Structures are given as C-alpha cells and as structure tokens.
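So the structure is just underneath, and the comments pick up after that.
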Amino acid sequence: SRLMDLPTCELHRLGEIADLVTSVRLSRVRKEKLALALKNEGYIPKLLQLFQVCENAKNSKGLHLLFDIMRGILYLDKAILFEVMFSDQYILGVVGCLEYDPCLAQPGRHREFLSKTAKLQELIPIRDPELRQKIRQTSRAQYIQAIILPNPSDFEEGFLSTLNSFISSSKEEILRGLQKDEEFLPGVFAQLTNEATAGEQRCELMRFFKEFCAFSFMLPEKRDELLQTLAKLGILPTLEMLMGMDDLQVRSAATDILSYLVEFSPAMVQEFVMQEAHQSENDTQLIIEVIEQMICSPNPEFGGDNQLMEILCALIDPQKMLAIASNLEIFEFLDIFYDRYIHVLTAPLLADTSEEWYEIGNDNFNFFPFEGPYSPDNYQTAEILASVLELLSFCVERHKYHMKNYIINKDLLRRTLVLMKSKHKFLALCALRFMRRIIGLKDELYNRYITLGNLFEPVVNAVLDNRNKCNLLKSALMELFEFIQMEDIQFLIAHIIENFSDALESVKYIHTFQRLKTKYEQEKDRQNEKLS
C-alpha cells in the first residue's frame, strides 16, 4: 500500500510533525505506514540535525516539540526504528531530545549518565567486542524504556511489547555469550574483591552482575550449572564482604543477589551458614551481616528490611534445614544461634533498658525507658522494632525450646509489652501479636511466666485506653481474650478475673469478658464440688 506522506523536516513544521506522530497512536495500520516512511526517508537523522540547531539556539519551543516527536516515534514500537535509534551514531541525539520534557522545570541529564555508564562498562571483564557492543545497546534500550514509560493507567496491554522483546532477546544473546566466556565470572569476582577497585566501578559491576544473576536464574535449563560455578568461585563469602561495605548501592545489590540464592538454592546458603557457625566465632559472619543490615536500615519503610527478614527466616527455619542436615545438627545450629547471634537481633529491643527498667504496674509505666538511637517514638526505629518483633514471633513458633528459654531468661515479653504504649499503633500491634503467638502455644511454662510477671496488666490497660475507639489494635486485643476463652485456658482465665475483674467492669458491655467471668465461675463451682 502507499506509504504515508511526511512533512518536510524543517524547523517551522515541527508542530505539524508532532501532531502527525501523536495522531497515529491508536491505529495499527497508520503506525506501520509511518514507521516505514520514517525509515525509508532517513527521517530520524534529519530530526536529530534539527535538534542540534534548536539546542545551540536555546530554542525551548522547538526542543519541547522534538521531545514529543522522539517519544512518539519510540511509542510506535517498531524494531526497524530501534535499529537506527539505539545505534552508536544516533543514541546520544535521541536521549538528548528526551532531556527536554516540557513537564520538567530543568532538562534531564540523560546523555551525561549514558556516557558515564559506557565508560564504567568498559571496565567489565568481557573480551568479545561484539558482546560489549550488544551489552551497551541493551543497556541504552533499558534506560530509554525507563524514562519514556508512562503511568500504567495511561497505556493499553501489550504497550511497547516490541521494545520489551528486543531487550529480552538481547539479554538472552548476552547471556549465551557470557556463558561461553570462561574468564568472565572469575574476572568479575576478582574485581569485586579487589580493594583497589574504585567505588563507582564496583557499583556498576555489581549492578551488571545483579542483572546477570536475575536473568540467568529465570532460565531453568542453565540455573544449576551457574549455581555450581558461583559456589566454586565463593559467591557467599564475596556477598558477605560486599554487604559489609559502606556503599549503600553495593550493599543493596549484594542483598538482592543473596535473596536470589535463597530463593533458587536455599540448601547452598543454609549449608554455608551452618558451616560458618561451627567453624568461626568472629563477628563478620553472613547471618550477622543480614541481621545488622536489617536493624540498621536507614529507610526501613521502603521495604529493604522486609527482604532481609525473608532471607533470615529462610536461613533459620528448621523445616527448610531438614534438606541438608539431621535433627541433631539443626539443634546444634540453633544452640549457636541463640548463644551468638540472637543478641544482635534483639539489641534494638533491649537497648538502654537493662539498668533503668521500670516494673510494669508501677506509677512510672507511661515513661519509656529508651534513650539514644533506639527511641520507639522515632518512626524509623519503630519500623525496625516492628520487623524485629515479626522475626521473634517467627522464632516463637519455629524454635519452641530455644526461644522459650531465651524469652524467660531475658524477661523478653515484659520488655516487649512496654511498646504497647507506643504512639505508633502498628508497633503496639506487633508487641501484642508477639504475646498472642506465645499464648497460642498453650504452654504451661509460658503461662506461669506471664501470670507470675503480671504481664496482662499492659494488655488490660490497652483495652481500657481503646474502649471508645474502633481500630485494629482494639480488634486484636478482643481476639486475644476471645482465644483464651474459646480454648478454655483456665490458668489464664483465673489470673485475668482474679486480678483485673474490677478494671474490666467498665467494659462489661464487651461479651468476651462476661464469658470469661462465666467460665471462671463455672470452673470454681466444679472445683468446689470436687472438694465436697
């Protein structure tokens, strides 16, 4: 069919060209015709010449129109145009046009970034020049994809599918090339572990290596072979070293790679952690690095600590360890974990409380015995404490024997319940959830520890504080008492009624407490009948 007629590529017709490129977006046939016309007439190089003219003359209107035109051409999503636009000759001109987004107060700095990245990529140990070129081209395509992609609500399903396929097939080609190069991975490890490697170079190398791992692990046919190679090269000691570095980007990439290993080869990571626990007593072990990263996260609300928490749960889960160890070996590992590691995890929770502890129930209960960097009134610290409590709740269920000894010896539940008074309700909820996990075990020793320490007082106080509110904390409090009543835990029922019956009179409209009292009285009648 007849090709589309294009306006002459001149400065005064840029508005007309922008309207044409925008108008074809909803028509597949017109998009095809426009793409062919642009290719056949060598239109993109002509547009880039106009870009140079506008930029030299600081013609803002022209630059903004060229941004719309270049983005519109990319939105055509045609491979014949990508070949031109991503080539070494034209790529900087294309991203130059994309710097002048009319929605931005200042132009972007895409050319500067790509030039800097290209220099750093030259340091990646790859010998094949064609493979280097393919990596450079794919990196540019990914960068352009990131800066032109609109909000998900603004485009239809399958949008930029050709660009996505182009990037995906390029990655597969790169992966095949790298797997043939026997010197690539040893070269990467040598540079990562070399103290002389510059910070920016290590950062770019980690970014590239992380992407290599992420894409490689998604291809099951080569996954096992790659994992064996990484193990031989010492991937886990290397990640341990990188996670201890000051550079946040390097640490983040190392954590991502560790999370891939935990997902695709948990046995390898667990075996390494268990061997390290038995062989070494230093403070730079992988499991300690993971814990310290979690409790020292500068931005826990962005989810970094959730990833670390998932890694740690996987490493200390006895059920998952059964694949590589006997019950005795797992028990010995947990002995080491509770002897050497758990104090690192609970440090924020126990900070500054050992000498100045205020007994629950006295007049000073409203005072937070926390000072310094771990004050629970600090939002970031509250987020970290919430993560710690989630992990400790996991330990209550999975490490019943070891965790029970630790909680009772350290009086951990008493200290946790101080957080019921936190102004951050999510933290108070985590503290309550920790107690709920303990009570859920229906363990006699735990129940005696709770009653002897009068540890229901802060919980009852929370009920009274929230009696006229409708929130998640109040619901969780009611569920706790409902569980005790439904499971008929007489030891706790007697303690609650005998010690807090008067205080709970003000909330007698809540049927749960009435049922607790009824159960208590019924049990008392049964006991009296037995005595008779």
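The values are calculated or read from the model by the stated rules, or taken from the named source; none is laboratory data. Model, not experiment: these values are computed from the prediction. Glycine also receives a Cβ, built like all others from the backbone with ideal geometry; neighbour counts cover every protein chain displayed. For the accessible areas, the whole protein counts, side chains as well, though only heavy atoms, and no ligand, DNA or RNA atoms are used. Shrake-Rupley method; radii C 1.70, N 1.55, O 1.52, S 1.80 Å.
Each residue was assigned an accessible area with a 1.4 Å probe, and for residue 264 the value is about 60 Å². Taking N as the residue count of the range 405-495, its C-alpha radius of gyration divided by 2.2 N^0.38 Å amounts to 1.03. Candidate cross-link partners of residue 116 among the aspartates and glutamates, defined by an alpha-carbon separation under 12 Å and a same-chain spacing of 8 or more, comprise 200, 204. Residue 532 contributes an accessible area of around 130 Å² to the protein surface, as traced by a 1.4 Å probe with all chains present. Kirkwood Rh over alpha-carbon pairs of the range 442-531, then Stokes-Einstein at 4 °C and 1.567 mPa s: what D in µm² s⁻¹, rounded to an integer? D, rounded to a whole number, is 95 µm²/s.
Size descriptors for the range 183-264: radius of gyration and Dmax over Cα atoms are 12.0, 36 Å. Between residue 223 and residue 397, the simple spin-label model (points 7 angstrom out along Cα→Cβ) gives 2.5 nm.
Cross-link check: pairs 210/320; 58/78; 474/524; 61/134; 320/400; 400/519 evaluated at a Cα-Cα cut-off of 27 Å; pairs beyond the cut-off: 58/78; 474/524; 61/134; 400/519.
Check each of the chymotrypsin sites (Phe, Trp or Tyr not before Pro) in the range 414-511 and keep only those in coil by DSSP with at most 14 other C-beta atoms within 10 angstrom; list them in order. Taking the range 414-511 and a limit of 14 other Cβ atoms within 10 Å, the loop chymotrypsin sites (Phe, Trp or Tyr not before Pro) found are 509.
Of the listed residues 71, 448, the order by accessible area with a 1.4 Å probe, largest first, is 448, 71.
Rolling a 1.4 Å probe across all protein chains gives residue 19 an accessible area of roughly 110 Å². Using the empirical formula 2.2 N^0.38 Å as the baseline, the Cα radius of gyration of the chain reaches a ratio of 1.31.
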